[in-house]
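Presented below is the structure to which this report refers.
What follows draws every value from the coordinates through simple rules; no lab data is involved. Predicted model only: the values in this text are computed from it and were never measured. A quick note on method: Cβ atoms are made from the backbone with ideal geometry, for glycine too, and the neighbour counts reach across all protein chains shown.
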Amino acid sequence: MNLFGEHIGDLIKLPVNDPVIVFVLILGIILAAPVFLRKFRIPGIIGLIISGIIIGPNGLNIIEKSLAVDLFSTIGMLFLMFIAGLDLDQQQFSRTRNKSIVFGILTYIVPFGIGLPVCYYLLNYNLITSLMISNMFATHTMVSYPIVTRLGIARNEVVAVATGGTVITDTLVLFVLAAIAGTATGGSSVDLYITLIISFILFLLFMVYVIPVVSRWAFRRLEDDNYSQFIFVAFIVFICALLARIAGLEPIIGAFAAGFILNRIIPAASILRNRIDFTGNALFIPFFLISVGMIVDFRVIFAGPVPLIVAAVLTTVALAGKWAASEITSRIFKFSTYQRRLLFGLTSSHAAAILAVIMVGYRIGIIDENVINGTIILILVTCLVSSLITESAARNIALGGTHDSSVKNDLTRETIIISLSNPQNMERLVDLALTLKKKNHNNPLYGLCVVDDDEDAAKKLALARSTLEKAGTRAIAAGRKLETLATIDNNVVSGIKRVAREKGATDILIGTQGKSSLADFLFGRPLENLTNDSEQNIFVYNAVSPINLCKRVLLILPRNVEKEPRFMSIIDKVIRISESTSIPLNSYSFGTTYRSIEDIIHKVRSHISHNFYSFPDEKEIQDINLQIKPDDLLVIVSPQRGSVSYEQAYGTLMKKALRITGVNGYLIIYPGLSS
């Protein structure tokens, strides 16, 4: 009993050294802190930092900084910057490129320009420290972004400008950070900067030309192994971080670059992305935030007026700089009052990015505890200000906006059925369905297996349930829900049509494989029976290659297709394919269709890159030459016989296009006859 008591005493001795107890305490904090502070509308990031302050060596001294804590903290910081790179909408940035560049430069220069003289003359820091702190002011983290998503204005132009500006300012911050850190640790000779520039260029070339090729090669070979895909992505993140360090840059630059480069290859609605977000946001990033709090010593603040002055000055300059940048940008581009406030609200909060930057300065010894403590107060104040201003401005924009009821009626009603009778293409069909389905949409996604009513029906039904179970698991792994249905019918087509009527389906997704049976399947009686007089859009997917490895969506449409009753919902789904993979949409049709597609892109507030190529009216449609590349996803809209856009010559063009493609497969869409 005495030995047992001594053992307990050793375990609870402060600071705790036992790794199991340390991990239990950290996990308990990660679980409880955000939930507790959410009641007071305090961002979860603040709760984790405050928890680190309390349990750290400068607080209750429950846990001390150790190799294990530093390891998890470093992984968290790299995951943080990697996910930031993944979250950037490259197409949105491309669409508002000019405005985003102007705002990105202003939201860097203005806070930096205000901060440098304040830090150097008012706070009496030396030049290198003043440069580091001023560079820190230029960062921002869009903590309040979920507010605009919740209020339905995420695709407002000013949100796109704020997001695009984040790309510009973060890139500038990280590059200047590398120069400052290099100067602080290696001197200030001309050779240092020449070496840094050359290293940066070589690093950039490697990221742009090597990483994408290697990643596409790996994803093709690891498509069926989700665990290996995750390990490969983590390997790339840390390899890029290591290469950045070898190049004389900070590892966070490598992690951010890895996220930006892999942005197009990792779809937002995928199992892999779900696992990356889960691993980072649930474990490693909270570890990093707690470790930041463990550095803070609030006792310094009460030791005299200087720390309080530093904290007040840092917070004031941070808010003033972002306000000035937003005000100037809004005046230049004539944004409304509420848009101007929204731009400031979205970009005034400092959180994750500022911590990554300031920790670099602290690690190399040019940032003191006063700045660390002041930064924590800055984060708390700016996050609260950002949330309040964004909420107010976004609500006013949402209430003042106009809504097209026809768009709402056609696009909000969505029920997708996936025919999963063939287990071989199940995974890619589910992935496509997850891409097509609206985010945060309440209507269900159904996985359906129909087996023929014969003597082997019972065995086939058991196999079908096994396939459906795997499909449901895949959807859950991607953070979505798939309701499964297994049924017996006279044939597959009649079973699909019956279930579609019962469930009020708007879209049916079926699969086909290979080119050998192309003519039989695509233009044979089974598909004709399914599409004939169908009220649902029918999507026929030839899943030869993963959709995320395509580089363009090539959309071919017939004449007068915009007059089809389900045209709007079809284009909306094609837009989602382009958005989810951040690849451009190239559409081929006749001139009158262009404006209709552009109108839909505008109405759904998408920021995809859309290129339209018009078929010449004087040329026979079957004589048109299509430039289809091996890495294109060919999407063909094929109207039903007798519909307003049906044209027999268009079928010849379809067959011609299908003979060309085959490397990445194709998607044929048969529009439904009613909306």
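Between residue 535 and residue 281, what is 0.36 nm times their sequence separation minus the Cα-Cα distance? Round to one decimal in nm.
Numbers: separation 254, 0.36 × 254 = 91.44 nm, distance 4.23 nm.
The residue 535-residue 281 span can extend by a further 87.2 nm.
By counting other Cβ atoms within 10 Å of each Cβ, how are 221, 97, 340 ranked from fewest to most?
Fewest-to-most Cβ neighbours within 10 Å comes out as 221, 97, 340.
Among the lysines, select those whose C-alpha is under 23 Å from the C-alpha of residue 65, and discard any that sit fewer than 8 residues away in the same chain.
13
At a Förster distance of 35 Å, what's the computed FRET efficiency of residue 626 paired with residue 599, Cβ-Cβ distance as r, to 0.05? Kindly include the intermediate steps, with their values, before the conclusion.
Values: r = 25 Å, r/R0 = 0.71.
My answer for the efficiency is 0.90.
Between the stretch 416-456 and the stretch 228-246, how far is it from one alpha carbon centroid to the other, in angstrom?
What the calculation gives is 34 Å, centre to centre.
Taking the alpha-carbon centroid of each part, what is the distance from the stretch 459-492 to the stretch 541-587 in angstrom?
26 Å
Would you kindly state how much longer the chain becomes between residue 328 and residue 124 on full extension, computed as 0.36 nm times their sequence separation minus their alpha carbon distance, in nm to one decimal?
Gain on extension, residue 328 to residue 124, equals 70.5 nm.
Taking square-rooted eigenvalues a ≥ b ≥ c of the alpha carbon gyration tensor, is the stretch 2-400 rounded, prolate or oblate, where a/c under 1.5 means rounded and, failing that, a/b exceeding b/c means prolate? Each step should come with its number before you reach the end.
Values: a/c = 1.30, a/b = 1.14, b/c = 1.14.
Rounded shape, in that the Cα axes give a/c under 1.5.
Dipole size in debye (nearest 20) for the stretch 544-675 around its Cα centre, Lys and Arg Cβ +1, Asp and Glu Cβ -1?
Dipole of the stretch 544-675, to the nearest 20 debye: 280 debye.
Which length gain, in nm to one decimal place, applies between residue 363 and residue 398 when the Cα-Cα distance is subtracted from 0.36 nm times their residue separation?
Gain in length upon complete extension: 8.2 nm.
Which of the pairs 437/503; 551/573; 439/573; 438/573; 573/655; 99/322 have their Cα atoms more than 20 Å apart in this structure?
Listed pairs above 20 Å: 573/655.
Would you list, by chain and number, the lysines whose Cα falls below 19 Å from the Cα of residue 459, excluding same-chain residues fewer than 8 positions away?
470
Need one word for the stretch 191-288: rounded, prolate or oblate. Basis is the Cα gyration tensor (sqrt eigenvalues a ≥ b ≥ c); a/c below 1.5 gives rounded, then a/b vs b/c decides.
oblate
Explain nothing, just the number: dipole magnitude of the stretch 180-293 about its Cα centre with +1 on each Lys and Arg Cβ and -1 on each Asp and Glu Cβ, in debye rounded to the nearest 20. Display every interim value, and only then the final one.
Numbers: 7 positive and 6 negative charges, 42 e Å.
Dipole size: approximately 200 debye.
What is the fewest-to-most order of 333, 112, 256 by other Cβ atoms lying within 10 Å of their Cβ?
Ranked by crowding around the Cβ, least crowded first: 333, 112, 256.
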